Structure formats: C-alpha cells, structure tokens
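Student: Starting off with a structure, shown below.
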Amino acid sequence: MARRAYTRRDHRAGPGADRRAAGGLDRPVYVLTGALTFSGGEDVAHTLQAHGRAVLVGETTRGGAHPTDRHAVSEHVLVAVPAARTISTVTGGNWEGVGVVPDIAVPADQALDAALKAARAAAGS
C-alpha cells in the first residue's frame with residue numbers, strides 16, 4: 001500500500017496576509033508557575049516573559065538554570081556538578097538560585113483563576 005503525503009494549508013490567510021496574526025501569535029499567553037516549577041519549565045517561562053510574549057501567573061519558581069552532570073563518588077554518594085550555564089540572549093542573565101518571578105504573583109492554587117481573570121480583563125469581557 002502506498003504511503004500518502006499530507007500537507008498542511010493555512011486557509012485563514014491569503015497571499016500577503018499577516019501570518020503572525022493568522023497563526024494566533026498575536027493572542028495573549030498566560031503561563032502558570034509554582035514553587036515546584038524547575039529547570040526546563042523555568043526556561044520556557046523565563047524566555048516567554050523576557051521576550052514579552054507571555055504573562056507569568058503564580059509563584060516564583062525554584063531557580064534551576066544550570067544543567068548538571070551527576071558523578072558517583074561512592075556507592076551511596078552522588079555529586080551533581082554544573083556542566084553548563086544558561087544565559088538569556090534578552091536579559092544577559094538567568095534564574096539560577098533566584099527563580100523566575102511571575103508578573104502576577106498569587107499562590108499556585110489560585111494561578112489559574114488569576115490568569116483567567118487577567119485574560120478576561122485584557123479581552124474587555
């Protein structure tokens with residue numbers, strides 16, 4: 001049986017149209033954070049915030065920006081040694097040890113409600 005190739009077509013925008021608007025890139029984005037948000041989640045949140053692409057809602061994150069390598073010292077001792085350093089091209093820094101600070105600070109269990117409230121206010125409803 002022959003494989004069929006599929007292509008995606010964007011029917012929302014014609015030639016010369018603003019692809020950013022057609023793709024939804026102009027829509028507001030809210031990212032929920034909490035005290036347990038760490039590492040990769042922090043990277044996404046920090047990057048979107050630094051680029052002005054998202055509003056962060058919730059708690060300051062844990063502050064893990066540097067990837068580590070783990071080395072066994074003995075059968076019961078493992079040492080994590082930083083192997084790299086994350087540096088934002090926008091801010092020139094990172095969130096190691098301090099975390100990513102949200103734009104709207106609320107307890108994590110209230111973050112979704114706060115984000116929905118902010119989104120509705122921004123939409124004028």
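Student: For Thr86, Thr33, Thr91, what's the largest-to-smallest order of accessible area, 1.4 Å probe?
Tutor: Largest accessible area first, the list is Thr91, Thr86, Thr33.
Student: Could you order Arg120, Arg70 by accessible surface area, starting with the largest, using a probe radius of 1.4 Å?
Tutor: Largest accessible area first, the list is Arg70, Arg120.
Student: Divide, for segment 18-106, the radius of gyration over alpha carbons by 2.2 N^0.38 Å, where N is the residue count.
Tutor: Computed over Cα atoms of segment 18-106, the ratio equals 1.34.
Student: Next up: Measure off 7 Å from each Cα along the Cα-to-Cβ vector at Val79 and Arg27, then give the distance between these two points in nanometres to one decimal.
Tutor: Result: 4.9 nm between the two label points.
Student: Taking a probe of 1.4 angstrom, what is the accessible area of Asp109 in Å², to the nearest 10?
Tutor: 130 Å²
The values are calculated or read from the model by the stated rules, or taken from the named source; none is laboratory data. Predicted model, so just to flag it, every value in this text is computed and none were measured. Don't worry about glycine lacking a Cβ; one is built from the backbone with ideal geometry, like all the others, and counts go over all protein chains shown. The area values use the complete protein model at the heavy-atom level, side chains included, leaving out ligands, DNA and RNA. Shrake-Rupley method; radii C 1.70, N 1.55, O 1.52, S 1.80 Å.
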